[in-house]
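Below: the structure, in structure tokens.
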Amino acid sequence: MIRTFLGLLVLVGGLHAEPIKELSFLNWMQGTWVHESEGTTVKMKSRWLDGGKSLERNFEIQMGMEPLKKMRQTIFWDPAKKEVRSWGFYSDGAFGTGDWESKDGSVEVRRAITYADGTRGKATNVWKL
């Protein structure tokens, strides 16, 4: 009985989800990424959830000797607003939202964040594909 259960876990864990069409422009983000620059290391793991209806991204951010910061982000299609959105939560208590758009060979994210001390900020990230 245990062998059958373990075999089923391996089978289910190996299934590959494809994103829904509204999120397909983010398929390149799936997987594990590492970026190192000027004393900062960012590790990211991304995977499709719920049959490709959302993309979960988990970050570990090490900036010099500061404590390790973690962030979990979920990117999803908002059927009411007809746009791709995200929610992110940081280990220090900060949280944020984002509006995502694919245009002219790039991905643009307009983000709003509330920091752990209650202050707020905005940023725009652009990835050229």
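The values are calculated or read from the model by the stated rules, or taken from the named source; none is laboratory data. In this text the structure is predicted, and so the values were computed from the model without any measurement. So basically every Cβ, Gly included, is an ideal-geometry build from the backbone, and we count neighbours across all protein chains shown. The area values use the complete protein model at the heavy-atom level, side chains included, leaving out ligands, DNA and RNA. Shrake-Rupley method; radii C 1.70, N 1.55, O 1.52, S 1.80 Å.
Data for the structure
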read-out: Residue in the range 48-58 that is more than 18 Å from residue 30 (Cα to Cα) and modelled with pLDDT of 95 or more present; value: no
read-out: Hey, residue 110 farther than 21 Å from residue 20 by Cα and without any contact (Cβ under 8 Å) to a residue 12 or more places away in the chain or not; value: no
read-out: Filtered residue count, the range 62-84, keeping only those that are loosely packed, with under 15 Cβ neighbours inside 10 Å and under 20 Å from residue 36 (Cα atoms); value: 8
read-out: Single condition residue 17 does not satisfy, out of (1) modelled with pLDDT of 95 or more; (2) in contact with a helix residue (DSSP H, G or I) (Cβ under 7 Å, 6 or more places away or on another chain); value: (1)
read-out: Pick from the range 75-109, criterion of a type in the set (Gly, Ala, Ser) and assigned to a loop (DSSP other than H, G, I, E, B), ranking: nearest to residue 25 (Cα to Cα); value: 105
read-out: Verdict on residue 22 being among the charged types (D, E, K, R), touching a helix residue (DSSP H, G or I) at 6+ places or on another chain (Cβ under 9 Å) and either open to solvent by 50 Å² or more (accessible area, probe 1.4 Å) or not in a strand (DSSP E or B) (or both); value: no
read-out: Candidates 57, 72, filtered to the one that is assigned to a strand (DSSP E or B), within 11 Å of the chain's Cα centre (by Cα), farther than 24 Å from residue 103 by Cα and not acidic (Asp, Glu); value: 72
read-out: Among residues of the range 114-129, those that are assigned to a strand (DSSP E or B), open to solvent by 80 Å² or more (accessible area, probe 1.4 Å) and farther than 16 Å from residue 28 by Cα, counted; value: 3
read-out: Residue in the range 32-43 that is on the phi < 0 side of the Ramachandran plot and in contact with a Leu (Cβ under 8 Å, 6 or more places away or on another chain) present; value: no
read-out: Extreme residue, most open to solvent (accessible area, probe 1.4 Å), among residues of the range 25-54 that are charged (D, E, K, R) and assigned to a loop (DSSP other than H, G, I, E, B); value: 38
read-out: Filtered residues of the range 29-46 (kept if within 23 Å of residue 93 (Cα to Cα) and either out of contact with any helix residue (DSSP H, G or I) (no Cβ under 7 Å at 6 or more places or on another chain) or acidic (Asp, Glu) (or both)); value: 40, 41, 42, 43, 44, 45
